[in-house]
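One structure below.
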Amino acid sequence: MLVAAERAMNLLGAPVRGFAPFKQHKQGGALRVLLPRARALTPGTAALAHVPTPGAASPRGLVRAQVAAPAQATAPVEAAAPATNGSPAAPPGPRNGLVPDAPTFQEAIAKLQEYWASVGCAIWLPHNTEVGAGTMNPATFLRVLGPEPWNVAYAEPSIRPDDSRYGDNPNRLQRHTQFQVILKPDPGNAQELYLGSLEALGINTKVHDVRFVEDNWESPVLGAWGLGWEVWLDGMEVTQFTYFQQAGGRPLDAPAVEITYGLERIMMSLQGVTNFKDIRYAPGVTYGEMFYQNEYEMSCYNLDEADVAGQRARFELYDKEARRLLAKRLPIPAYDHLLKLSHTFNIMDARGAVGVTERADCFATLRGLAREITGLWVDRREELGHPLGLIPPPAKPTPGRPAVPSSAEPRAFVLEVGTEELPPDDVEAAVAQLRDRVPALLSKLRLTHGSVRVEGTPRRLAVVVEALAARQASEEAKVRGPPAKQAFAADGTPTKALEGFCRKNGVDAASVTREPDAKGVEYVYAVVKDAGRAAAEVLTDELPALVGGLSFKKSMRWNGHGAAFSRPMRWLLAMHGDTVLPFVHAGLQAGSTTRVLRNAPEPELPVPSAEAYLPALAGARITLGGAQRAEAIWRDVAAMAAKVGGTVPESTRGDLLAEVTNLVESPTVVMGSFSTDFLQLPSEVLVMVMRKHQRYFPVFSPDGASLLPHFITVANGTVDAATVAAGNEAVLRARFEDAAFFYREDLKHKLEDFRPKLSGTTFQKELGSILDKANRVEALVGPLAAAVAAAAPAEQAAWGGAEVLSVATQAARLCKADLATSTVTEMTALAGTMGRHYAHKEGLPSAVAEAIFEACLPRQAGDALPSSPPGVLVAVADRLDSLVGLFAAGCAPSAATDPYGLRRAAYGMLQALVSNKVRVSLRAAVAAAAGLQPLPVSAAVQSDVLAYLGGRLEQLLADGGAPAEVVRAALAERGDDPALAARTAEWEAGEAGRLRRVMAAFSRPTRIVRGKEVPPAEVAVDPSRFEGEEERRLHAAFVEARAKVNAGSSVSEWLSAAEPLLPAIDAFFEKVFVMCDDAAVRANRLALLRDLAALPRGVLDLSQLPGF
């Protein structure tokens, strides 16, 4: 419940103190928004009333914060007034940060505390034992459970031993500070409240590019997850914003908003420093002076000095104590011991002391304890009578009815579903669903209309229909009633059955007719005329189901109304002409107001009519159409790159452009630059950072050969381009410095040195670690090479030779090593790429380096494929090991799940073989892989793997354009050899006529021998038993054809061999009676036809082809 008044009370019941910067920010509107109070449990206690602030009340009577932005829309960053909280002024800060006179670290904490206290949060304290994140403080992890309201804010030192860097890394700390906010229940304007907190730090949100970028959170170990975003400030992630959905394996009674600020990162940016040590912690004191010694010594402890045996003993003691406390029904101290368990595990992990099995066991211990503790916490709060009260049920808008339309003429119709930022994929999914469903709905409702347009942006899904009829089309229908003998009494008067039928259908009894049905039974019929209802009325009834029926891969709840959606809905607009369609869904009532950019002078915009909707958005600089946004972005990006003599890779026009298009609704292209010193790093690393982490467009020289020191980002809305560019440059510099740090650390070692670290990463519990897998791949290369050489000795003998095998074995040994490097740990998509790079750096042969890279190919659909013999061998061996091992471990993919990506692995393996025309027996290859697994692989499992590969091969060949029946015919005979099967399925289209003629001829002997007592194959044809010349000619032609066909014959070669048989086949069946009385002659003729029908065997199964 939101309450605002002159003497408003905050969460704890004390008067709210004014917060100057927030007041200035809210000029002309509500000064502050208080979070919900609990509904008292005392019977008869009245809930607090909604007290509107003059001029700021919403239609539901709730007071909401204005969009977080200062009054001066176009003021440059230098003009932004520094936030003050009454404390002594700090010395002037550097002018190259995000804000002038940036606060010190301690001032930032104070400002956030004061701001969140001013809107109703209690200020909590950091926890008294190590936590890995603010989420783990019981003020979050336990308090989000149950039905009590909870609004709290606190700073939390967060300890992550694995991030220890001895204080050498300028951006990474083992102890960093988070500022945590929990809002339970969702106040309805959490994003606006958050933006207000940025203003409290002095950040002018009209100048900067603030965006909410999809980033969902999940901790399977703790049974917790939520959906939300990273918040980007000029490209820098400054906050995690999550709607908690589950904790400890328990769905939350009321989803809670979690806001987590990364304070060191924010302060480095605000103050314009590039190393955590240089952050101004307090006047005259730097962060390094305060904490560097702690960072160095704790890194020494975490990475070098922590006693592993002692930590392992502590883990067991903490586990035992936590369980003892659970038995005593003390969830809070039990939870403290769970935190100690977690920190102890993290120390052991940082020391590299956690093996595969131990890791799984530790996770199981933590997960089980978390479930038990959260369950006991919920029970204890209930036993205590929920001391904080209960969250009151949300107010439910009363569904309204539309006004009578002012005109009977067709008018435009618009539906807008306003949301918090949707993930890009969900925008596409929702638009696709609406494009299918809206025309179908209008057809069902008998509403004639013009064009239907469905578009989406991160904050809105919109349907615009031109010339929608004012009323439904009239309709007449002949409706059958009761049987005539039940409809009329003996005297012919209507019975109650007929009267009810007439009343239901609005007709007079005198108008019904009698007609017999097909069986002669007489029924009464009525012609029912439906004049139709007003479009506004029927749409008001149908739109809730349309909106509520949209589905997504992941959906969330956010309030007590029970609706689920990709992200919270915040407004609905529905109009037919100037008539509002006031339907209700998810606690919202549709109106005639839309929302535009949050930093606009007027964030809410009235829409006078449906026809005015598109012009209103265009006037607010919102580009509704996704295709139009993409076109404008690409045009402006290309033009910006040309200004520095560069070009943007065409490859970015795919996934990157699609994602960026749905991250903004008012695109503004901004160019940034970085130091040429960073060009010494591998270009793949720089591009990966720009594209994957920052969604930047990299700029290359016109020939595409070299990377230029520029990048292009796309901001949302009107921003100060210089400020946004500077912010993004600082972010990229920090990321590049991180990458340079990791790269330098990696270069201190050879790839071989990284292999032992792979033992700490589980591949699959029964199959061991990644190192175990790498060893199996190395061992499999030899048998696989031998199988390839044996499949086609004339063409592929070199594959089994010493040269290829030596390179492949070296590459197989090192193909997983880069997974343990710091660079790939941070950017996993560079696996293989960095392996190749480091191999070159340490002087390994080029062929080995290239095979290490090719082992990862293909990484996704449309990717390059391995092409060198060693690269193909290692790539196939790696995927074959995964398929055979995981099938044996019971991890085969199902129709719904494929957690190990085996569909992609199988498809990629087959692509490598087919594209390089490498022949090999899958049966032999699977058997070789089975012999190397650490668990038994039965014949049945091997058959399952082969069947699965057959299905993927069928898909691959069909994707290549071969007709499905041709693919099946090829696979039936050659499915064990993918390359040969592919060659068989890819004959020239011109061969179809030849094939049909041959099929027609061969169908006759095939049909005759089918089901007959035919001599077994070992009984040869005896030419001495031939009685006619036709038999002799057919046999001679068959012998000649058979000599031309072998296991590797193509379809064309087989047809060329079979075609000379056609006249002899025709003559044989014209002159020879196969089923003659002489048993020996009959058997000999059947044997001849048996051999003839078997001629296609090994090439094509003609029975799979149509017309056979």
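The values are calculated or read from the model by the stated rules, or taken from the named source; none is laboratory data. Keep in mind the model is a prediction, meaning the values are calculated, not measured. FYI the Cβ positions are ideal-geometry reconstructions off the backbone, even for glycines, and counts take in every protein chain you see. In case anyone asks, the SASA skips ligands and DNA or RNA and just uses the protein heavy atoms, side chains included. Shrake-Rupley method; radii C 1.70, N 1.55, O 1.52, S 1.80 Å.
Can you name the residue in the range 1009-1035 that is among the β-branched types (Val, Ile, Thr) and modelled with pLDDT of 85 or more and, of all such residues, is farthest from the chain's Cα centre (by Cα)?
Looking at the filtered set, the residue picked out is 1021.
Any residue in the range 453-471 that is within 18 Å of residue 573 (Cα to Cα), in a strand (DSSP E or B), among the charged types (D, E, K, R) and open to solvent by 30 Å² or more (accessible area, probe 1.4 Å)?
Among the residues of the range 453-471, at least one is within 18 Å of residue 573 (Cα to Cα), in a strand (DSSP E or B), among the charged types (D, E, K, R) and open to solvent by 30 Å² or more (accessible area, probe 1.4 Å), which makes the answer yes.
If residue 1078 satisfies every condition in (1) under 30 Å from residue 794 (Cβ atoms); (2) open to solvent by 70 Å² or more (accessible area, probe 1.4 Å) but one, which is the exception?
Here residue 1078 clears every test but (1).
Please go through the range 830-855 and give me each residue that is closer than 24 Å to residue 799 by Cα, of a type outside the set (Lys, Arg) and in a helix (DSSP H, G or I), ordered by number.
835, 839, 840, 846, 847, 848, 849, 850, 851, 852, 853, 854
Could you tell me whether any residue of the range 391-398 is on the phi < 0 side of the Ramachandran plot and of a type in the set (Gly, Ala, Ser)?
Yes, the range 391-398 contains at least one residue that is on the phi < 0 side of the Ramachandran plot and of a type in the set (Gly, Ala, Ser).
For the range 1040-1063: of the residues being assigned to a loop (DSSP other than H, G, I, E, B) and polar (S, T, N, Q), which is surrounded by the most Cβ atoms within 10 Å (Cβ to Cβ)?
1049
Taking the range 332-342, which residues are in contact (Cβ under 8 Å) with a residue 40 or more places away in the chain and open to solvent by 30 Å² or more (accessible area, probe 1.4 Å)?
In the first step, residues of the range 332-342 are kept if they are in contact (Cβ under 8 Å) with a residue 40 or more places away in the chain; the result is 332, 334-336, 339-340, 342.
Once the filter is applied, which keeps residues that are in contact (Cβ under 8 Å) with a residue 40 or more places away in the chain and open to solvent by 30 Å² or more (accessible area, probe 1.4 Å), the range 332-342 yields 332, 336, 340, 342.
Considering only the range 477-512, how many residues are in a helix (DSSP H, G or I) and either closer than 11 Å to residue 525 by Cα or open to solvent by 30 Å² or more (accessible area, probe 1.4 Å) (or both)?
Here the count works out to 16.
Please work out if residue 212 is assigned to a strand (DSSP E or B), closer than 17 Å to residue 556 by Cα and either acidic (Asp, Glu) or touching a helix residue (DSSP H, G or I) at 6+ places or on another chain (Cβ under 9 Å) (or both).
yes
Being over 30 Å from residue 323 (Cα atoms) and within 34 Å of the chain's Cα centre (by Cα) is the filter; apply it to the range 367-394 and report the residue that is most open to solvent (accessible area, probe 1.4 Å).
393
What are the pairs with Cβ atoms under 6 angstrom where one residue, in the range 533-556, is surrounded by 21 or more Cβ atoms within 10 Å (Cβ to Cβ) and the other, located anywhere, is in a loop (DSSP other than H, G, I, E, B) and charged (D, E, K, R)? Sequence gap at least six, or different chains.
Going by the 6 Å Cβ cut-off, there are no qualifying pairs.
Has the range 842-853 got at least one residue that is free of Cβ contacts under 8 Å to residues at least 40 places away in the same chain, in the same structural domain as residue 874 (by the TED database) and touching a Pro at 6+ places or on another chain (Cβ under 9 Å)?
yes
For the range 270-295, how many residues are in a helix (DSSP H, G or I) and open to solvent by 20 Å² or more (accessible area, probe 1.4 Å)?
First pass over the range 270-295, keeping only residues in a helix (DSSP H, G or I): 270-271, 276-278, 287-295.
Cutting the leftovers down to open to solvent by 20 Å² or more (accessible area, probe 1.4 Å) gives us 277-278, 289-294.
Number satisfying all stated conditions: 8.
So residue 702 clears everything in (1) buried (at least 16 other Cβ atoms within 10 Å of the Cβ); (2) of a type outside the set (Lys, Arg); (3) in a loop (DSSP other than H, G, I, E, B) except one condition, right? Which one?
(1)
In this structure, does residue 1037 turn out to be part of a loop (DSSP other than H, G, I, E, B) and closer than 30 Å to residue 970 by Cβ?
No: the conditions fail for residue 1037.
Yes/no matrix, rows are residues, columns are (1) crowded, with 23+ Cβ neighbours inside 10 Å; (2) under 14 Å from residue 152 (Cα atoms); (3) of a type in the set (Asp, Glu):
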residue	(1), (2), (3)
175	no, no, no
181	yes, yes, no
200	yes, no, no
203	yes, no, no
206	yes, no, no
209	yes, no, yes
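Answer yes or no: is there a residue in the range 636-658 that is surrounded by 21 or more Cβ atoms within 10 Å (Cβ to Cβ), in contact with an Asp or Glu (Cβ under 8 Å, 6 or more places away or on another chain) and in a helix (DSSP H, G or I).
no
If you take the residues in the range 900-940 that are part of a loop (DSSP other than H, G, I, E, B) and more than 21 Å from residue 767 (Cα to Cα), which one is nearest to the chain's Cα centre (by Cα)?
It comes out as 916.
Can you tell me which residues in the range 811-829 are part of a loop (DSSP other than H, G, I, E, B) and touching a Leu at 6+ places or on another chain (Cβ under 7 Å)?
816
Please go through the range 310-331 and give me each residue that is without any contact (Cβ under 8 Å) to a residue 24 or more places away in the chain and open to solvent by less than 70 Å² (accessible area, probe 1.4 Å), ordered by number.
Once the filter is applied, which keeps residues that are without any contact (Cβ under 8 Å) to a residue 24 or more places away in the chain and open to solvent by less than 70 Å² (accessible area, probe 1.4 Å), the range 310-331 yields 310, 313, 321, 325.
Report yes if residue 624 is in a loop (DSSP other than H, G, I, E, B) and in contact with a helix residue (DSSP H, G or I) (Cβ under 7 Å, 6 or more places away or on another chain), otherwise no.
yes
For residue 505, only one of the following conditions fails: (1) assigned by the TED database to the domain that holds residue 425; (2) among the polar types (S, T, N, Q); (3) in contact with a strand residue (DSSP E or B) (Cβ under 6 Å, 6 or more places away or on another chain). What is its number?
Only one criterion in (1) assigned by the TED database to the domain that holds residue 425; (2) among the polar types (S, T, N, Q); (3) in contact with a strand residue (DSSP E or B) (Cβ under 6 Å, 6 or more places away or on another chain) is unmet by residue 505, namely (1).
Say we look at the range 117-151 and pick out the residues that are free of Cβ contacts under 8 Å to residues at least 60 places away in the same chain and among the hydrophobic types (A, V, I, L, M, F, W, C); which of these is least open to solvent (accessible area, probe 1.4 Å)?
Ranking the candidates gives 139 first.
Given 729, 737, 684, 766, which one is under 25 Å from residue 843 (Cα atoms) and either in contact (Cβ under 8 Å) with a residue 40 or more places away in the chain or outside any helix (DSSP H, G or I) (or both)?
So the residue among 729, 737, 684, 766 that is under 25 Å from residue 843 (Cα atoms) and either in contact (Cβ under 8 Å) with a residue 40 or more places away in the chain or outside any helix (DSSP H, G or I) (or both) is 684.
Quick one: which residue in 740, 792 is surrounded by fewer than 20 Cβ atoms within 10 Å (Cβ to Cβ), at negative phi and not assigned by the TED database to the domain that holds residue 887?
Details: 792 fails: not assigned by the TED database to the domain that holds residue 887.
One residue alone meets the criteria, 740.
Can you tell me which residue is most open to solvent (accessible area, probe 1.4 Å) among those in the range 156-173 that are of a type in the set (Ser, Thr, Tyr) and in contact (Cβ under 8 Å) with a residue 60 or more places away in the chain?
That would be 166.
From the list 980, 957, 935, pick out the single residue that is in the same structural domain as residue 861 (by the TED database), surrounded by fewer than 19 Cβ atoms within 10 Å (Cβ to Cβ) and not aromatic (Phe, Trp, Tyr).
The match here is 935.
I'd like to check something: does the range 242-250 contain any residue that is among the hydroxyl-bearing types (Ser, Thr, Tyr) and open to solvent by less than 40 Å² (accessible area, probe 1.4 Å)?
Yes, the range 242-250 contains a residue that is among the hydroxyl-bearing types (Ser, Thr, Tyr) and open to solvent by less than 40 Å² (accessible area, probe 1.4 Å).
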